[in-house]
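**Student:** Let me begin by handing over the structure; questions about it come next.
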Amino acid sequence: MLRALVLGAIFCSGVFVVQASEVLSSADVLEAGSWAVSVYGQGSETKPQVKMSGIDAVSVPVSGGMSAVSSNENAEIKMEQTVSQVLAAFEFRPSEGLKYRFKVGQVREFDLEFSSGSQTNKLQASNSGYVWGVGLGGRIAPGSIVSTAISWDLGYTQTDVSADRFEGGPVVYAVNEQWRQEEYQGSLDFSRRWKAWEPFAGIKLTHVVNRLMDGSTKRTIGGTNDGISPFIGLQWMVADKESLVVEGSFLDEKSLTAGFKVQF
């Protein structure tokens, strides 16, 4: 009963609003020949940016017609993005070498806020988006009760959302905008085991490519962000090879992730 309640809370966490990708693991990598499945929810806040390729590249609705996002064709548009998503991840370590990972999930909520002139705009998606990713990692130092585990990880994540709702000031319009984010991440993870608890912490370095395509003009604007995000987390073994994991990130990314992992 307790486990069912905890799992319910984890799935609900996919819709809270609080993007470097999650590490969601202590630095103790899987044993050779083993694999693991995780389900988790994540909420994040980031500040992507795009650069105009022409003043008519992407237009937004205004009273009386359409208007360019910016009157400056070389403008860099800074945005605020809020995302909540639910994912499942599969990890395996076939031998004493590297650990491999694949994840897939659903974007449950998406908000992208930016300004054009004096007007504050918001793009939203009424339908779910999709996210998938791959990664690999390895052990630098094994962990034990008396020593700190250290591991590294590299990953790629792609997020696609179709935004169909635009808020321009007090007015709401139907739109067709495609948002894609490609994230390249490297991380270093440290952890120390104590009984059933294993706190972990580390640093994430990210390079994110942002693209916004106007569904009517078929033109695209894009930009990149480089970020650094320290993270802290806790893995709790609730049963043999079953654990709850919570992770939070800050600085360039503000996020909270909670999940349930089973190892085989």
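**Student:** Given the structure, is V161 more than 30 Å from P94 (Cβ to Cβ), under 18 Å from the mean Cα position of the chain (by Cα), part of a strand (DSSP E or B) and not small (G, A, S)?
**Tutor:** Considered against the rule, which asks whether it is more than 30 Å from P94 (Cβ to Cβ), under 18 Å from the mean Cα position of the chain (by Cα), part of a strand (DSSP E or B) and not small (G, A, S), V161 comes out as yes.
**Student:** Please go through the stretch 200-242 and pick out each residue that is over 21 Å from the mean Cα position of the chain (by Cα) and within 22 Å of S147 (Cβ to Cβ).
**Tutor:** Hits for the stretch 200-242 are W236, M237, K241.
**Student:** Something else about it: Exactly one condition in (1) assigned to a strand (DSSP E or B); (2) farther than 27 Å from Q85 by Cβ; (3) of a type outside the set (D, E, K, R) is false for S144; which is it?
**Tutor:** Here S144 clears every test but (1).
**Student:** Also: Do any residues in the stretch 164-180 that are polar (S, T, N, Q) have Cβ atoms under 6 Å from those of residues that are surrounded by fewer than 16 Cβ atoms within 10 Å (Cβ to Cβ), where the two are at least six apart or on different chains, and which pairs are they?
**Tutor:** So the pair list comes out as N176/G215.
**Student:** Next up: Considering each residue of the stretch 212-241, count those that are touching a Gly at 6+ places or on another chain (Cβ under 8 Å), buried (at least 17 other Cβ atoms within 10 Å of the Cβ) and not hydrophobic (A, V, I, L, M, F, W, C), and give that number.
**Tutor:** 1
**Student:** When you look at E183, is it at pLDDT 95 or above and assigned to a strand (DSSP E or B), yes or no?
**Tutor:** yes
**Student:** Restricting attention to the stretch 131-184, which residues are aliphatic (A, V, I, L, M) and within 30 Å of E96 (Cα to Cα)?
**Tutor:** V131, V134, L136, I140, A141, I145, V146, A149, I150, L154
**Student:** Under 6 Å between Cβ atoms, at least 6 apart or on separate chains: pull out the pairs that start in the stretch 196-207 with a residue that is of a type in the set (D, E) and end on any residue that is surrounded by 15 or more Cβ atoms within 10 Å (Cβ to Cβ).
**Tutor:** Pairs that qualify, where the first residue is of a type in the set (D, E) and the partner is surrounded by 15 or more Cβ atoms within 10 Å (Cβ to Cβ), are E198/S26; E198/S191; E198/Q235.
**Student:** Filter the stretch 121-155 down to residues that are of a type in the set (S, T, Y), surrounded by 13 or more Cβ atoms within 10 Å (Cβ to Cβ) and over 15 Å from L188 (Cβ atoms), then give me how many there are.
**Tutor:** Total meeting the criteria: 2.
The values are calculated or read from the model by the stated rules, or taken from the named source; none is laboratory data. This one's a predicted model, so the numbers in the text were calculated from it and none came from an experiment. FYI the Cβ positions are ideal-geometry reconstructions off the backbone, even for glycines, and counts take in every protein chain you see.
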